[in-house]
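The values are calculated or read from the model by the stated rules, or taken from the named source; none is laboratory data. This is a predicted model, so every value here is computed, not measured. When we count neighbours, we look across all protein chains shown, and the Cβ atoms used for this are built from the backbone with ideal geometry, even at glycine.
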């Protein structure tokens, strides 16, 4: 499990370095057309995360998010660490969805671009929508961690939990 977490952390570092290099290349901010397309793809991935084009769409979205200088998303281990460390079959798809949904949140709420708890919450909610879609197609594909997040959301405590976990993440990354 820890080896997988280290692997995922390494990928995130490589993506961040790639983002820095690409951004240094002078790519301008995302255009309204690109943001509209990203919203469409994000919604499609939430509704159909196992679709025929989903893998290609996720990859294209990650590249886009890395390239644009006007949006920055992070993976908070305290929020999604239990998923990263799990052997859940669809963890990669759902982890990617958190980043995509967080980016779309920033497109829709540019004034919240530096509100890390709000971005994390948007990412988790997008991940849960994708998870729900997976369960509709694969009813046995449950994750204890994601089921707990669903229960928190139903009780109205998900937002508070994400905010607390994001605070820990930000404190640990200082």
(message) Considering only region 143-156, I want to know if a residue exists there that is in contact with a helix residue (DSSP H, G or I) (Cβ under 9 Å, 6 or more places away or on another chain), at pLDDT 95 or above, outside any helix (DSSP H, G or I) and at negative phi.
(response) yes
(request) At least 3 residues that are at pLDDT 95 or above and under 27 Å from residue 147 (Cα atoms) in each: list the helices (runs of 4 or more DSSP H) lying fully within region 31-105 that qualify. (result) 32-47, 54-67
(request) Using the structure shown, decide if residue 108 is farther than 19 Å from residue 30 by Cα and surrounded by fewer than 19 Cβ atoms within 10 Å (Cβ to Cβ). (result) no
(request) Only residues that are touching a residue at least 12 places away in the same chain (Cβ under 8 Å) and surrounded by fewer than 21 Cβ atoms within 10 Å (Cβ to Cβ): list them for region 36-51, please. (result) 39, 41, 44, 47, 48, 50
